[in-house]
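To start, the structure itself, in structure tokens.
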Amino acid sequence: MDFDDQLRHYFGTADIAAIRPEAHAAGTERMRVDFGLETNPGRRFALWALMYMLGVAPDLDVAFKDEGERNTARDFMDMVDRTGGDEGG
């Protein structure tokens, strides 16, 4: 699932600017639930990355029990910060 697909899945649109406040709240809640239930590490990380970009990601120590996964998440955060796409952290 790519970024646009995830936005459509959780918010009903791939246009971030078009997400209405009530859709944002509902989609955010669905993402949190799905993140808590997801067992596939790749899909779980992708969901966390979307939440990070939207400013609703859980803290790394809560999201990832594995130090390697936390380091990967930190690398992602650094990459986003360097490219100027940091919407959430």
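Between 73, 42, 27, the Cα set farthest toward the positive side of the dipole of the chain (charges on each charged residue's Cβ, about the Cα centre) is that of 27.
About its Cα centre, the chain has a charge dipole of approximately 200 debye under the convention of +1 per Lys or Arg Cβ and -1 per Asp or Glu Cβ, with nothing else charged. Label sites at residue 69 and residue 38, each approximated as a point 7 angstrom past Cα along Cα to Cβ, lie 1.0 nm apart. Each of the peptides 52-64, 33-45 was scored by the mean count of other Cβ atoms within 10 Å over its residues; in descending order, highest first, they stand as 52-64, 33-45. Think of the range 3-83 as having a plus end and a minus end, set by charges on the Cβ of Lys, Arg, Asp and Glu; of 13, 83, 3, 13 sits farthest toward the positive end of this dipole. Computing FRET efficiency as 1/(1 + (r/R0)^6) for residue 25 and residue 46, where r is the C-beta to C-beta distance and R0 is 22 Å, gives about 0.55. For the chain, the longest principal axis of the alpha carbon atoms and the long axis of helix 41-54 meet at an angle near 60°. Which value in nm describes the separation of the simple spin-label points at residue 82 and residue 62, placed 7 Å from the Cα toward the beta carbon? Those two pseudo-labels are separated by 2.8 nm.
Over all alpha-carbon pairs in the range 3-83, figure out the percentage whose distance exceeds 14 Å. In whole percent, the long-distance tail amounts to 62. Only helices enter the 222 nm calculation for the chain: every DSSP H run of n ≥ 4 contributes -39,500 (n - 2.57), and dividing by all residues gives -21500 deg cm²/dmol, rounded to 500.
Quick note: the coordinates plus some simple rules give every number you see, no bench work behind them. The structure displayed is predicted, hence computed values, not measured ones. Note: ideal-geometry Cβ built from the backbone for every residue, glycine included; neighbour counts use all protein chains shown.
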